[in-house]
Amino acid sequence: MDGQYRALWLNDNGDLEVIDQRYLPFEKRMRVLKTANDACEAIKDMTVRGAGVIGNVAAFGVYLAAREFADDKQKITQVALNIRSARPTAVNLMWAVDNMLEVIKHSDDMVSDCKAEAIRQTDEDVRRTQAIGNIGADIIESIMAAKKLKQFHILTHCNAGWLAIVDSGSALAPIYEAQKRGIDIHVWVDETRPRNQGARLTAWELQDAGINHTIIPDNTGGLLMQQGKVDMVITGADRVALNGDAANKIGTYLKALAAKDNGVPFYIALPINTFDFDCESGVRDIEIEQRSEDEVHVMSGMDKQGHTQNIRITPEGSVAANYGFDVTPARLITGLITEKGVIEPNKEAIGQLQ
Ligand code: RI2
């Protein structure tokens with residue numbers, strides 16, 4: 001992957017430009033974020049999403065605040081804290097803003113220092129995802145060798161590709177690397193209701209990269225695992241606690257249970273800044289975002305005329321619940337693929353990364 005696979009970049013005016021992910025796969029529309037408030041809203045309304053990219057946009061949002069409010073450290077700090085609370089579950093957001101606040105505290109030239117730090121953080125993610133790709137592809141090769149496989153079937157949930165973390169994603173990085181190595185790989189793509197990040201975004205990425213894939217309704221994975229059609233499950237993460245419990249898109253936990261029951265390796269891929277070392281127990285302590293019930297009631301798609309339409313799919317008056325994430329207990333996770341190697345999901349191993 002290279003620069004063309006970026007979900008965000010600075011344009012010639014110094015504004016932040018992002019791919020508006022709400023229109024994919026039907027339309028590749030860009031959105032220009034000129035102010036810190038634009039960045040905050042883009043995170044909230046999921047113009048941008050994915051733990052890594054949320055963190056990057058937040059960091060650039062603080063740079064935009066520095067540009068808007070010149071030397072007013074107090075105001076910039078207040079705006080940064082507002083961005084920090086835009087979404088509650090992905091810890092990369094808090095990590096990114098906290099680093100920016102540290103820069104602000106010691107800076108005499110906040111615009112230039114904040115810009116440099118936001119660029120540094122984003123470039124660092126590129127290196128992290130490359131390492132995750134290599135380590136994950138090694139695992140794929142070793143499972144293939146052990147099972148004497150000619151083709152490898154991997155199941156993923158939601159979107160943890162380059163749209164979620166630059167430049168090659170977390171969960172999808174090993175898949176891109178496997179393709180580079182000439183491995184015959186096929187991806188089962190969970191649709192990922194209610195927002196369909198799998199069906200819309202992962203499928204779009206894989207199609208663009210020419211990777212063999214099949215979109216499946218969210219409830220299909222268990223059957224496929226029982227039938228021996230899944231060699232490995234891999235997902236990204238939004239926050240992983242010190243005890244190895246991992247928060248990821250709602251539905252991940254059920255896949256981990258099915259994987260355990262069928263002896264399928266279940267991996268989580270994440271950069272080190274997705275660990276929350278202050279969180280002792282993920283199941284107990286990670287805050288789960290609850291989003292609008294409209295996301296469950298209303299689906300958007302393209303009609304035969306090529307127009308994007310929103311349609312209601314539930315009875316008027318029925319109530320819907322929309323929990324954004326669930327937490328997979330560490331005991332169901334085979335390993336955590338990070339840029340520093342495969343980490344066991346327990347306090348001893350994770351604590352050493354601090
Ligand atoms: P990276 C997504 O949430 C999913 O939970 C997905 O696994 C994660 O972000 C990907 O982030 P949402 O932001 O692991 O679409 O790739 O609600 O950083």
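Across the stretch 8-124, how large is the tail of the calculated P(r) beyond 18 Å, expressed as a percent of all Cα pairs?
Distances greater than 18 Å cover 43 percent of the Cα pairs.
Under 5 Å between amide H atoms, partner at least 5 residues away or on a different chain: which partners does residue 216 have, H built in plane at 1.01 Å?
189, 190, 191
For the pair residue 288 and residue 12, how long in nm is the line joining their label points, each one 7 Å along Cα→Cβ?
Here the modelled spin labels are 4.9 nm apart.
Amide H neighbours of residue 293 under 5 Å, at least 5 residues apart or on other chains, H built in the peptide plane: list them.
Amide H neighbours of residue 293: none.
Report in % the part of the accessible area of the chain that belongs to carbon and sulfur, leaving out ligands and nucleic acids; probe 1.4 Å.
Accessible surface attributable to carbon and sulfur in the chain totals 48 percent.
If amide hydrogens are placed 1.01 Å from N in the peptide plane, which non-local residues have theirs closer than 5 Å to the one on residue 236?
157, 171, 269
Return the percentage of antiparallel bridges among DSSP beta bridges fully within the stretch 130-351, rounded to the nearest 5 %.
Antiparallel bridges make up about 45 percent of those DSSP assigns within the stretch 130-351.
Could you tell me whether the stretch 130-351 comes out rounded, prolate or oblate from its Cα gyration tensor? Rule is a ≥ b ≥ c as square roots of the eigenvalues, rounded for a/c under 1.5, then prolate if a/b exceeds b/c, otherwise oblate. Don't jump to the answer; show the numbers that get you there.
Numbers: a/c = 1.72, a/b = 1.21, b/c = 1.42.
Oblate is the answer for the stretch 130-351, as a/c is 1.5 or above yet b/c matches or exceeds a/b.
Note down the accessible area of residue 231, probe 1.4 Å, to the nearest 10 Å².
Probe radius 1.4 Å; accessible area of residue 231 about 10 Å².
Decide, for the stretch 1-41, between rounded, prolate and oblate: order the square roots of the alpha carbon gyration tensor eigenvalues as a ≥ b ≥ c, take rounded if a/c falls under 1.5, and otherwise choose prolate if a/b is larger than b/c, else oblate.
Here the stretch 1-41 falls in the oblate category.
Angle between the Cα long axis of helix 110-147 and the longest principal axis of the chain, 0 to 90 degrees, nearest 10?
The angle comes out at about 10 degrees.
Determine ³J(HN,Hα), in whole Hz, for all residues of the stretch 56-69 in sequence, where each value follows from phi through the Karplus function 6.51 cos²θ - 1.76 cosθ + 1.60 and θ = phi - 60°; x replaces Gly and Pro.
4, 5, 5, 4, 5, x, 5, 4, 5, 5, 4, 5, 6, 10
Output the 0 to 90 degree angle, nearest 10, between the alpha-carbon long axis of helix 73-84 and the longest principal axis computed from the alpha carbons of the chain.
That helix lies at roughly 20 degrees to the long axis.
If R0 is 56 Å, what FRET efficiency do you get for residue 305 and residue 280 from their C-beta distance, rounded to 0.05?
0.55
Relative contact order, percent, of the stretch 8-124 when contacts are C-alpha pairs under 8 Å separated by at least 6 residues?
For the stretch 8-124, the relative contact order is 23 percent.
What accessible surface, in Å², does a 1.4 Å probe find on residue 34, ignoring ligands, DNA and RNA and rounding to the nearest 10?
Rounded to the nearest 10, the figure is 110 Å².
With n ≥ 4 as the cut-off for DSSP H runs, can you work out [θ] at 222 nm for the chain, using -39500 (n - 2.57) per run divided by the number of residues, rounded to the nearest 500? Walk me through the numbers on the way to the answer.
On the way: 12 runs with 136 residues, N = 354.
Result for the chain, helices only: -11500 deg cm²/dmol.
Per residue, how much accessible surface does the chain expose to a 1.4 Å probe? Answer in Å², no decimals.
42 Å²
What does the charge dipole of the chain about its Cα centre add up to, to the nearest 20 debye, if the Cβ of each Lys and Arg holds +1 and the Cβ of each Asp and Glu holds -1?
Charge dipole of the chain: 880 debye, to the nearest 20.
Tell me which chymotrypsin sites (Phe, Trp or Tyr not before Pro) from the stretch 164-205 have a DSSP coil assignment and no more than 10 other beta carbons within 10 Å of their own.
Counting only loop positions with at most 10 other Cβ atoms within 10 Å, none of the chymotrypsin sites (Phe, Trp or Tyr not before Pro) in the stretch 164-205 qualifies.
The values are calculated or read from the model by the stated rules, or taken from the named source; none is laboratory data. If you're wondering where the values come from, they're calculated on a predicted model, not measured in any experiment. Virtual Cβ from ideal backbone geometry, glycine too; neighbours counted across all protein chains shown. Note: accessible area is taken over every heavy atom of the protein model, side chains too, but ligands, DNA and RNA are not part of it. Shrake-Rupley method; radii C 1.70, N 1.55, O 1.52, S 1.80 Å.
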